[in-house]
Amino acid sequence: MTAVPRPEGMRVVHLPARTPYAWKLQSRDFHILNGTEIPSGDTVPAAVNAAWLLDHGPLTWLDVLHLHHIDFEDLTTLDRLLDECLNHGVNVVFTAHDTRPMVGNAEDFTARLRMLHSAEVSWVCLTEGSVTTLAEILGGRPQAAIIPHGYVASPESLAGRERTPSNSAAQYLMFGASRASRDQLSTMANWSLGITDPLSNLHVLLRAFSPADFADGGRGPLLLETARHDPRIRLTMRPYPTDEEVVRAGLASDALLLPYLWGSHSGQLELAFDLNLLPVCSLTGHLSEQYERHKGFVEEPEWFDWSQGHPNLFGEKFLTALENAAARLSSRPRRLEPEFLDYRAEEHRTILSQYARVYGGDQ
């Protein structure tokens, strides 16, 4: 990759930067350095980690370090990185995407949160509810700017596009990594046995399996075996599904299945709003706050509540929601909504302005 002149505006490194959330933060006020060459001649990885940054000091070549998912970082290494940023005037911003760990254990995750809370770090939360939850974990409310998730599929990328014409039967989509926070396995089984229309299909778009998916207790073999018994279930696997691959899958679908066992917010829910898919969604975390923010512009998800009751009843709750969703899908065609996409474009301009202020040290 050829070296480029230093851009105007603040130089930002996302840790990591391969998610749609990070890459959509493009502005004349700041520029993402991931994927570009720095003065040393090295290229900042998209999935950069703390150790790589420490190996490429002094950190005079960036102005802002934007932390996203800290679960994978060694606590001592992360602490050293914060000190290095402080010593070289790098503003550290932490977006608290989650209020509980997606990998690892709660104790380690809480230790990372508390370290950031005690450091000179600017916090961003996606919902007001997550600030309240974090205050309970930290024993004090973090001074956080509340900046919503915003779109996943940019309005510009959807201009002139429309849902793929299909037969009268509803088409369903489920995508993402095989994580303990998502119940993909019983969802596939319940869909297969509960949706009897032979023309309906379920597209499961997966992120690449790792060895952990096949180790003792791993879900990989059972997912593959379950899909094999129903030809209406189509599995697709990508190393890391791109925005375009996810959008194409969404435009060929009518409903998005979101079987979260836990989670504080959902970018997938925002994608459903972008594409006017009916979300069949567990009532967890602060997902209802995400809907309330867009209420009046988007259709309310078909919720199923896994927060109460015995886990043996979860399948019953999901299948009831799935049947309700099937009835709703038969009532009208699902086209993209230009009015909502115009709203999204305005929302994004506000999000960029908010981040510019946080990056500049104005919380």
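Count of the stretch 143-187 residues, restricted to those that are in contact with a strand residue (DSSP E or B) (Cβ under 8 Å, 6 or more places away or on another chain) and within 30 Å of E120 (Cα to Cα), is 5.
The C-beta contact set for the stretch 14-42 (first residue polar (S, T, N, Q), second residue open to solvent by 30 Å² or more (accessible area, probe 1.4 Å), distance under 6 angstrom, 6+ apart or interchain) comprises N34/A46. Considering V152, V93, the condition of being in contact with a helix residue (DSSP H, G or I) (Cβ under 8 Å, 6 or more places away or on another chain), over 22 Å from G361 (Cβ atoms) and surrounded by 20 or more Cβ atoms within 10 Å (Cβ to Cβ) is satisfied by V152 alone.
Set side by side, the residues R234, R293 differ, and just one is open to solvent by 50 Å² or more (accessible area, probe 1.4 Å) and either in a helix (DSSP H, G or I) or at pLDDT below 95 (or both), which is R293.
Of everything listed in (1) surrounded by 15 or more Cβ atoms within 10 Å (Cβ to Cβ); (2) in contact (Cβ under 8 Å) with a residue 40 or more places away in the chain; (3) not charged (D, E, K, R), the single unmet condition for L75 is (1).
Filter the stretch 102-125 for residues that are over 18 Å from D79 (Cβ atoms), of a type outside the set (V, I, T) and either touching a helix residue (DSSP H, G or I) at 6+ places or on another chain (Cβ under 6 Å) or crowded, with 20+ Cβ neighbours inside 10 Å (or both) and give the result. Break it down stepwise before answering.
In the first step, residues of the stretch 102-125 are kept if they are over 18 Å from D79 (Cβ atoms); the result is 102-103, 105-106, 124-125.
From the residues that got through so far, the ones that are of a type outside the set (V, I, T) too are 102, 105-106, 125.
Matches in the stretch 102-125: C125 only.
On the stretch given as the stretch 53-69, residues that are open to solvent by 50 Å² or more (accessible area, probe 1.4 Å) and more than 14 Å from R11 (Cα to Cα) total 3. In the set (1) open to solvent by less than 20 Å² (accessible area, probe 1.4 Å); (2) within 22 Å of E346 (Cα to Cα); (3) outside any loop (DSSP other than H, G, I, E, B), L173 fails one condition alone, (2).
The values are calculated or read from the model by the stated rules, or taken from the named source; none is laboratory data. Bear in mind the structure is a predicted one, so any value in this text is a computation, not a measurement. Here Cβ is always computed from backbone atoms with ideal geometry, including for glycine, and neighbour counts include all displayed protein chains. These accessible areas exclude ligands, DNA and RNA; they are computed on the full protein's heavy atoms, side chains included. Shrake-Rupley method; radii C 1.70, N 1.55, O 1.52, S 1.80 Å.
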